[in-house]
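Okay, structure first, notes after.
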Amino acid sequence: MHAKSDFLAPASVTARPLDLLRHHRALASVIALMALPWLLPNQSVAINILIYGLYGVGFNLLFGYMGMLSFGHAAFLGLGSYTAGILIAHAGLAWWAAIPLAILASAVLALAMGLLAIRTRGIYFAMVTLALSQCVYFLVYQFPLSGGENGLRGVNVPTVDLAGLTLDLLNPTTKYYAFLALVALTLFVLSRVLASPFGGVVEAIRENEARTRACGFNVEHTKLLAFILSGAICGLAGALNAIHLSSVAIESLHYETSGLVVMICLLGGMGTFFGPFVGAALFLLIQDLFSQWTEHWQLYVGAIFIFFVLFFPKGVWGTLLEKLHDR
């Protein structure tokens, strides 16, 4: 009732746009992302922001909305990349057919990891996901078609004709908007999931797991489903990354890649819908800027990250929404 009265009150200046932003968060996110390539000097950076922002969206479902910190999400990103890459490079499958199979592979891996990991909580959950992720790293490393230390090469995507429309992914603009179509579909589905009773249970687990269980909800079942959905979204991001780079590096499965997505979500704002894209943009732009000046760019990125954590405790996007809501 309070939110409704705020929306209708003529004296409220910010309630109306904030309400619209909340109720149409997927549409607002897609509109903002549509303008992104024209706001940056390099369209390749825009594609990376789109991909790693999607990676952050998958992780944020588990970390931001459910409150479960995972250090193993690189396994889903990397497996999605390798599945799509191997199917394209070695099996000759079209990229648009390889993407659903990459999502499925990451979802199956998330099911297997989730069955083991959701039995634990807190730091133990984080450590179990890290250990399982490293197991996946070494299994893929030893897989004959993965390329081992050299990674996978030859993930080439030819021009596709769809209903008279030529889709050339070698063109950066075409590639960005083709990827954005898949990201938009993911965001709309995720928005519906979060607005459903299932999404309410997910957030209830974050606030008070014991009380949620006492209310009669199946907490373990909800955790597992959220873990699978999170892994599937990260698998899509991995498949897009393989197509974008025309290769897959073994580092995509490394624990540093799991740490990267934690940093992205903290920079943007945990539990916010658009925050992962803001965090990905901040990290990649800072990295791109300082890497041109010095090879020790990690030092400056680390210092800037500490600054944002201290002065933007809810992330840049989360803090901005909080300030607008307070006003």
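Listed residues 105, 112, 89, 97; which is free of Cβ contacts under 8 Å to residues at least 12 places away in the same chain, over 26 Å from residue 266 (Cα atoms) and open to solvent by less than 50 Å² (accessible area, probe 1.4 Å)? Testing whether each residue is free of Cβ contacts under 8 Å to residues at least 12 places away in the same chain, over 26 Å from residue 266 (Cα atoms) and open to solvent by less than 50 Å² (accessible area, probe 1.4 Å) leaves just 97. Looking only at the stretch 287-299, residues that are farther than 17 Å from residue 264 by Cβ and open to solvent by 100 Å² or more (accessible area, probe 1.4 Å) come to 5 in all. Per the conditions (1) modelled with pLDDT under 95; (2) over 27 Å from residue 141 (Cβ atoms); (3) in contact with a helix residue (DSSP H, G or I) (Cβ under 9 Å, 6 or more places away or on another chain); (4) β-branched (Val, Ile, Thr), the sole criterion not satisfied by residue 174 is (3). Of the residues 192, 153, the single one that is over 21 Å from residue 58 (Cα atoms) and of a type in the set (Lys, Arg) is 153.
Within the stretch 33-73, the set of residues being small (Gly, Ala, Ser) and in a loop (DSSP other than H, G, I, E, B) comprises 64, 67, 70, 72. Restricting attention to the stretch 172-195, the residues that are open to solvent by 40 Å² or more (accessible area, probe 1.4 Å) and either in contact with a Phe, Trp or Tyr (Cβ under 9 Å, 6 or more places away or on another chain) or under 26 Å from residue 221 (Cα atoms) (or both) total 5. Checking each residue in the stretch 28-74 for being open to solvent by less than 10 Å² (accessible area, probe 1.4 Å), under 19 Å from residue 188 (Cα atoms) and hydroxyl-bearing (Ser, Thr, Tyr) picks out 29, 55.
Taking each residue of the stretch 257-273 that is closer than 14 Å to residue 320 by Cα and looking for partners that are outside any helix (DSSP H, G or I) and of a type in the set (Ser, Thr, Tyr) with beta-carbon atoms closer than 9 Å, six or more apart or interchain, yields 270/65; 271/65.
Of the set (1) modelled with pLDDT of 90 or more; (2) out of contact with any strand residue (DSSP E or B) (no Cβ under 6 Å at 6 or more places or on another chain); (3) surrounded by 14 or more Cβ atoms within 10 Å (Cβ to Cβ), all apply to residue 169 but (1).
The values are calculated or read from the model by the stated rules, or taken from the named source; none is laboratory data. Not measured: the values here are computed from a predicted model. As a convention, Cβ positions derive from the backbone with ideal geometry for all residues, glycine included, and neighbour counts pool all protein chains shown. Ligands, DNA and RNA are excluded from the accessible area calculation, which covers all protein heavy atoms including side chains. Shrake-Rupley method; radii C 1.70, N 1.55, O 1.52, S 1.80 Å.
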